[in-house]
Amino acid sequence: MNTMTLDAAGQTAPAQPESVEKATVDTDTRVTETVGQPFCDDAKLRMRGINVFYGETQAINDVSLDIGRNEVVAMIGPSGCGKSTFLRCINRMNDTIEGCRVEGDLTLDDEPIYGPRVDVVPLRARVGMVFQKPNPFPKSIYENVAYGPKIHGIASRRAELDEIVENSLRRAGLWNEVKDRLDQPGTGLSGGQQQRLCIARAIAVSPEVILMDEPCSALDPIATARIEELIDELRENYTIAIVTHSMQQAARVSQRTAYFHLGHLVEVNDTETVFTNPQHELTEAYITGRFG
Amino acid sequence: MTDLTQEQVRERIERRLAGRHRVEKTFRGLGIASIAFGILAVVILFSDIIAKGSGAFVQSAVQLEVHYDPAVLGIEQVDEESLTWANFTGVIREALRERFPEVSGRSEKRELYSLVSTGAPFKLRNRLQADPELLGRSETVWVAADDDVDTFVKSLSDSGGGFRGRTSDRMIRWIDQLLASGELKKRFNSNFFTNGDSREPEQAGIRAALVGSLLTLLVTLALSFPIGVAAAIYLEEYAPRNRWTDLIEVNINNLAAVPSIVFGLLGLAIFINFFELPRSAPLVGGLVLTLMTLPTIIISSRAALKSVPPSIREAAMGMGASRMQVVFHHVLPLAMPGMLTGTIIGMAQALGETAPLLMIGMVAFIVDVPGGVTDPATVLPVQIFLWADSPERAFVERTSAAIMVLLSFLIVMNTSAVWLRKKLERRW
Ligand SMILES: Nc1ncnc2c1ncn2[C@@H]1O[C@H](COP(=O)(O)OP(=O)(O)OP(=O)(O)O)[C@@H](O)[C@H]1O
Ligand SMILES: [Mg+2]
């Protein structure tokens, strides 16, 4: 996957067919069941029958999906279909939204994620998140990366903390750019550097799962390429779920791809299959750009 | 529907353009006019107060050659007890008689004695207490002139004639003599900054009220800042949104609009009548002002907390920070400048508050500088109110001078608010 060229890193959508009388697909087509292979044997995350409601409106409708160990799963779909909502269920970030309700079974290593006795603090240390908009703390670069290890008491000595910070920044591909100005504000970095800082911050606590919500949407092709490279490296140790609007990106970084549509999970398959031989007409319509 | 050509569209835009510019100009003019009006009002207010009040910072004083004669004082040695009943007035009178030996007759003498302040003997007492060696010796001292003399001397400069009031022709002759020989002079009025209130304007000072205000504000700050910030944090970060919190929110907003005298009545009923705290004390004043400023602090603190970008909270929560860590590590540092600004605005309001303090007895005539929060005290605005009510002409300038002191206090507080905010505000 590291063989891609810079040209391929562009984020433009696939060229639209020229023909005027192109066949359009009715987006209201009812989805009853997920096609493809939503489940796997060696599942890190197991989700069954997930429903999410914002007040009265349902944003996620009976979604079941597994994410395997050391696997990268890409989530694609039109805007507003519930990708972010679904992703945020996994580390319970939806808890913070007023009126948001999550139903269904989610397990991380067969331990329930939701439940009266589950503490979200260690859960979020195990399931890290990178947000769509880079959101470094208004503190120094060092403090940004050291924050997680500090609050979780991971480093016992200053030297240990320094080491964690350096390693995390190295893995995020940021070390060389910032090693001389660790005490400068993280918000003073460029957008792409900030996003890599956020990734370094997330991996500093060695999470088992990393959730990425459109991590490259604000980045240029070069920064995007670096992050994609990073994702590929991270896969050796982490399980990754990534939401993206770029189908090339999904194709480049993921092993499996899940296509969401209006709160339903339409199709999950090997990335290769989804992009070359989609089984559901909605998936095909989306990846070929034929939505009416 | 007819399609407009590009020319038509442009023409329509052009037609509207002149009107838009006109409206903009009018609005700008109105804005400048209202700012000019505001500045004018401030300038008039300040120049009036300064013109009236600057006189209070100087005070006419008479130079006297006093002899601490044990016979006149009626004491043999200097100690606590003898000082309390020693006849310093006699010493002053003797000095005056020596200066004007020609004066005879009872009424003439009484007029002569009224040249100097009735507070002058205290000055001699203090000098003798500080230096017991003076007993039996003589020295030259400046003692404050009576307020009528002071008013007359100060009015001499502006329009020749001078404001005579109760000053007789004979007294004016003496005053002229003393002025000519340099024995009557306007000197810096240190009494104004070192004394408490007094019935005699030349002895009256702002010290007691200033200390009273400081103590009261200290109590207010010590209570209202932590309580207000804690309440704001709870309401904004922890409390569920339901009917109860809505009710609390409405009530806090209502409390902010309650006339302050109502808080005074509440303080009277609760703190003084029920808890039997001392009357006229800065402690009670501070408690009442806390009630009054709490809504302001809570509302501004909540606004400051609300304005912290949610992405920061999300980032911290996503890292596994507990609620408390999110608040104390990330939200509070960013909200602090806004909270402090709100607090200082509340404090400035409290500093100028009069009505509720009248209700709890802080309107009493206080001569002594309060030593603690339970001592009887008054505050600057109440002192202004009391002096403005006094008939003596010399109190007019003291009223204005007290207003100047109060305003400088406010300016210092507001400046420090701006400075603090600048300092705490992170540019990153
Ligand atoms: N906080 C919220 N309150 C109410 N409704 C919400 C909230 N967040 C999302 N929704 C709704 O839930 C649905 C799914 O939103 P979500 O953000 O998950 O979409 P998405 O797939 O991530 O879209 P995008 O690709 O644009 O980010 C949308 O209809 C949206 O309006
Ligand atoms: Mg989204």
Residue in segment A:131-142 that is more than 16 Å from ligand 2 (Cβ to nearest atom), modelled with pLDDT under 90 and either out of contact with any strand residue (DSSP E or B) (no Cβ under 7 Å at 6 or more places or on another chain) or among the hydrophobic types (A, V, I, L, M, F, W, C) (or both) present: no
Condition broken by B:Ala315, with the remaining ones in (1) more than 14 Å from chain A (Cβ to nearest Cβ); (2) in contact with a Cys (Cβ under 8 Å, 6 or more places away or on another chain) satisfied: (1)
Unique match (being surrounded by fewer than 16 Cβ atoms within 10 Å (Cβ to Cβ) and farther than 30 Å from B:Asp148 by Cα) among B:Ile44, B:Ile75, B:Ile35: B:Ile35
Members of segment A:210-227 that are at pLDDT 90 or above and more than 13 Å from ligand 1 (Cβ to nearest atom): A:Ile210
Test: residue in segment A:168-177 that is surrounded by 22 or more Cβ atoms within 10 Å (Cβ to Cβ), touching a strand residue (DSSP E or B) at 6+ places or on another chain (Cβ under 9 Å) and within 27 Å of A:Pro122 (Cβ to Cβ): no
Subset of segment A:120-141 that is at the interface with chain B (Cβ under 9 Å from one of its Cβ atoms) and in contact with a Leu (Cβ under 6 Å, 6 or more places away or on another chain) - its residue that is farthest from A:Leu65 (Cα to Cα): A:Pro136
Cβ-Cβ under 9 Å pairs, at least 6 apart or on other chains, segment A:212-225 side more than 17 Å from A:Cys89 (Cα to Cα) and within 14 Å of chain B (Cβ to nearest Cβ), far side within 16 Å of ligand 1 (Cβ to nearest atom) and of a type in the set (A, V, I, L, M): A:Pro215/A:Val130; A:Pro215/A:Ile242; A:Pro215/A:Val243
Segment A:80-100 residues that are among the acidic types (Asp, Glu), paired with ones that are more than 8 Å from ligand 1 (Cβ to nearest atom) and part of a helix (DSSP H, G or I) (beta carbon under 8 Å, 6 or more apart): A:Asp95/A:Val120
Selection within segment A:233-245 - modelled with pLDDT of 90 or more, touching a helix residue (DSSP H, G or I) at 6+ places or on another chain (Cβ under 8 Å) and away from ligand 1 (no atom under 16 Å from the Cβ): A:Ile240
Identity of the residue in segment B:1-32, surrounded by 10 or more Cβ atoms within 10 Å (Cβ to Cβ) and small (Gly, Ala, Ser), that ends up farthest from B:Met404 (Cα to Cα): B:Gly29
Breaking point among (1) among the charged types (D, E, K, R); (2) more than 14 Å from chain A (Cβ to nearest Cβ); (3) in contact (Cβ under 8 Å) with a residue 60 or more places away in the chain; (4) surrounded by 15 or more Cβ atoms within 10 Å (Cβ to Cβ), for B:Arg279: (4)
Single condition B:Ser408 does not satisfy, out of (1) within 14 Å of another protein chain (Cβ to nearest Cβ); (2) assigned to a helix (DSSP H, G or I): (1)
Of the criteria (1) farther than 30 Å from A:Leu123 by Cβ; (2) under 19 Å from the mean Cα position of the chain (by Cα), which one A:His280 fails: (2)
A:Gln249 vs. criteria under 30 Å from A:Pro38 (Cβ atoms), buried (at least 21 other Cβ atoms within 10 Å of the Cβ), within 14 Å of chain B (Cβ to nearest Cβ) and out of contact with any strand residue (DSSP E or B) (no Cβ under 7 Å at 6 or more places or on another chain): no
Boolean, A:Ile199 is away from ligand 1 (no atom under 16 Å from the Cβ), more than 14 Å from chain B (Cβ to nearest Cβ) and either part of a strand (DSSP E or B) or surrounded by 20 or more Cβ atoms within 10 Å (Cβ to Cβ) (or both): no
Unmet requirement for A:Asn91, which otherwise passes all of (1) in contact with a Phe, Trp or Tyr (Cβ under 8 Å, 6 or more places away or on another chain); (2) of a type in the set (S, T, N, Q); (3) within 16 Å of ligand 2 (Cβ to nearest atom): (1)
Count of residues meeting criterion [under 13 Å from B:Asp148 (Cβ atoms) and surrounded by fewer than 19 Cβ atoms within 10 Å (Cβ to Cβ)] in segment B:98-124: 4
Output for segment A:145-164, where each listed residue is of a type outside the set (Lys, Arg) and within 14 Å of chain B (Cβ to nearest Cβ): A:Val145, A:Ala146, A:Tyr147, A:Gly148, A:Pro149, A:Ile151, A:His152, A:Gly153, A:Ile154, A:Ile164
One residue from B:Glu81, B:Glu98 being closer than 20 Å to B:Trp142 by Cα and out of contact with any helix residue (DSSP H, G or I) (no Cβ under 9 Å at 6 or more places or on another chain): B:Glu98
Filter result for B:Ser138 (closer than 26 Å to B:Asn189 by Cα, touching a residue at least 12 places away in the same chain (Cβ under 8 Å) and in contact with a His (Cβ under 7 Å, 6 or more places away or on another chain)): yes
Given (1) within 14 Å of another protein chain (Cβ to nearest Cβ); (2) in a helix (DSSP H, G or I), number of the condition B:Pro240 does not satisfy: (2)
Selection from segment A:97-113 of residues that are farther than 11 Å from A:Asp66 by Cα and either within 16 Å of ligand 2 (Cβ to nearest atom) or β-branched (Val, Ile, Thr) (or both): A:Ile97, A:Cys100, A:Val102, A:Ile113
Some residue of segment B:319-338 being buried (at least 19 other Cβ atoms within 10 Å of the Cβ), among the hydrophobic types (A, V, I, L, M, F, W, C) and away from chain A (no Cβ under 14 Å): no
Answer residue from segment A:186-195, given it is farther than 14 Å from A:Ser217 by Cβ and part of a helix (DSSP H, G or I) and is farthest from the chain's Cα centre (by Cα) among those: A:Gly188
Single condition A:Arg170 does not satisfy, out of (1) under 25 Å from A:Gly153 (Cβ atoms); (2) away from chain B (no Cβ under 11 Å); (3) touching a residue at least 12 places away in the same chain (Cβ under 8 Å): (3)
Unmet requirement for A:Ser190, which otherwise passes all of (1) crowded, with 19+ Cβ neighbours inside 10 Å; (2) away from chain B (no Cβ under 11 Å): (1)
Near pairs, Cβ below 8 angstrom, 6+ apart or cross-chain, from segment B:160-184 (at negative phi) to any residue that is at pLDDT below 75: B:Ile172/B:Arg164
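The values are calculated or read from the model by the stated rules, or taken from the named source; none is laboratory data. Just so it is clear, the model here is predicted, and its values are computed rather than measured. With ideal geometry, Cβ positions are generated from the backbone for all residues, glycine too; neighbour counts draw on all protein chains shown.
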